[in-house]
């Protein structure tokens, strides 16, 4: 500075200009993630603070299946962590992309590094759940039959073993990557026949209750029930029966009664005649029958696979199959005024080779059925009907086999807490090699929406059988199936992504 004839020297100053572009150093979900929960946080962490005024829905774009969706964008107090909360439209099952535009700048006005301006992930309809996903399901001469999940997602299953001309029944829990047996030994054995015919439920503590058909001599059989107390197996009665003159008791199906005690449905027969369906509830120290055993159709037809469930208004309801020489038919009865009352006289024809039916309840507590019905073209479709006061009505059009399907197998039905029906089934595509596809769908109120996605694929192939749909005590919709790759038979478990 010059002042008159005097020169003053000021202190030297260094001005640093920030020309370094900010970068994204951490992302959630991870780029390319395939099994993202729809409620997982969406965040980006920057290498330096960014200008809060530039972090807006205009500079941060979110697309699902290429369509932009509503979102709310916020920035942490230190200016380094951005959070995106998606709105309507962020739902399975489409690819998701987050795009950060050049409008997003740091405190010096530098735009975001071009390599940090976006990433993508997938939110499938179904995501892995629980500890049982990947559990080995067979070993030597043993195999699992019935299974259930506790509220924490732990897998419990019955195991049937055949060795030295004897059949053995075990109950095991999958923990820390291995199966552990309840108790020191089996819960049943037989030298008269298999113990494959069994049913399993879990109490609120995750302890199992098991019912099974115990073969006897000369073709007779009984239904027996045991529960795990936490330390040992305890029999619930000597056996379950209503009519002692019926030598064959079979097809047990366990369910929880509204009282909090176990309930059971089963069939009784005198070999080839007088086949009936029975039900009972456990009452402190004995099984209390729900009315008389019944059969709403010709008693010469063999009754098989009864399914017992309770409506939300606590009405016991049973669906069962009457098998005949040329066709099988489905029937439903409800226990009203201490009497089993058949719902309509209509016969629902079902595939002869697979006499199974699934039962659930809709939004107004009406029974819903799903089964395999013939199409007249040599294949089968998945048919679903619900009860409207006095008649059965199709719920949408039957779900037909996809092109190339050889046969359709085992539809399973369950409803969520709102009464919305979900259906799963398997389509056999080729015989050599055996190749099948797991299919799922949800009723929208107007039609069936496919819930198939890549989450069913394991190691590039989908080979499935024995799938189930279950609603846990916490309301989770859980899909499970057996996945066979080469010689390994493993459990796959997914829950609905919502």
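Listed values, structure above:
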| read-out | value |
| --- | --- |
| Pair list, Cβ < 8 Å and 6+ apart or interchain, from the range 361-379 residues that are under 17 Å from residue 342 (Cα atoms) and in the same structural domain as residue 395 (by TED's automatic domain parsing) to residues that are loosely packed, with under 14 Cβ neighbours inside 10 Å and at pLDDT 90 or above | 361/312; 365/312; 365/313 |
| Some residue of the range 427-438 being within 23 Å of residue 476 (Cα to Cα), at pLDDT 85 or above and touching a strand residue (DSSP E or B) at 6+ places or on another chain (Cβ under 6 Å) | no |
| Meets criteria (under 30 Å from residue 65 (Cβ atoms) and surrounded by fewer than 18 Cβ atoms within 10 Å (Cβ to Cβ)) for residue 128 | yes |
| Filter result for the condition that a residue is surrounded by 20 or more Cβ atoms within 10 Å (Cβ to Cβ), within 28 Å of the chain's Cα centre (by Cα) and closer than 30 Å to residue 333 by Cβ, over 228, 266 | 266 |
| Flag if residue 45 is loosely packed, with under 15 Cβ neighbours inside 10 Å and at pLDDT 95 or above | yes |
| Unique residue being out of contact with any strand residue (DSSP E or B) (no Cβ under 7 Å at 6 or more places or on another chain), closer than 27 Å to residue 270 by Cβ and either surrounded by fewer than 20 Cβ atoms within 10 Å (Cβ to Cβ) or without any contact (Cβ under 8 Å) to a residue 12 or more places away in the chain (or both) when the list is 244, 163 | 244 |
| Complete set of residues in the range 237-272 that are at positive phi and part of a strand (DSSP E or B) | 251 |
| Output for the range 125-173, where each listed residue is at pLDDT 90 or above, outside any loop (DSSP other than H, G, I, E, B) and under 13 Å from residue 493 (Cα atoms) | 126, 127, 128, 147, 148, 149, 155, 156 |
| Flag for residue 101 being crowded, with 18+ Cβ neighbours inside 10 Å and either touching a helix residue (DSSP H, G or I) at 6+ places or on another chain (Cβ under 8 Å) or modelled with pLDDT of 90 or more (or both) | no |
| Test: residue in the range 273-282 that is modelled with pLDDT of 90 or more, within 22 Å of residue 147 (Cα to Cα) and not in a strand (DSSP E or B) | no |
| Test result for residue 191, more than 26 Å from residue 241 (Cα to Cα) and surrounded by fewer than 20 Cβ atoms within 10 Å (Cβ to Cβ) | no |
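Yes/no matrix, rows are residues, columns are (1) within 30 Å of residue 442 (Cα to Cα); (2) without any contact (Cβ under 8 Å) to a residue 60 or more places away in the chain; (3) in contact with a helix residue (DSSP H, G or I) (Cβ under 7 Å, 6 or more places away or on another chain):
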{"residue": "73", "(1), (2), (3)": "no, yes, no"}
{"residue": "77", "(1), (2), (3)": "no, yes, no"}
{"residue": "80", "(1), (2), (3)": "no, yes, no"}
{"residue": "84", "(1), (2), (3)": "yes, yes, no"}
{"residue": "89", "(1), (2), (3)": "yes, yes, no"}
{"residue": "97", "(1), (2), (3)": "yes, yes, no"}
{"residue": "109", "(1), (2), (3)": "no, yes, no"}
{"residue": "112", "(1), (2), (3)": "no, no, no"}
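Here is a yes/no grid of residues against (1) farther than 29 Å from residue 310 by Cβ; (2) assigned to a strand (DSSP E or B); (3) modelled with pLDDT of 85 or more:
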site	(1), (2), (3)
360	no, yes, yes
363	no, no, yes
370	no, yes, yes
373	no, yes, no
378	yes, no, no
393	no, yes, yes
401	yes, no, no
405	yes, no, no
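The values are calculated or read from the model by the stated rules, or taken from the named source; none is laboratory data. Since this is a predicted model, take the numbers as computed values, not measurements. Neighbour counts run over all protein chains shown; Cβ positions are idealised from the backbone, glycine included.
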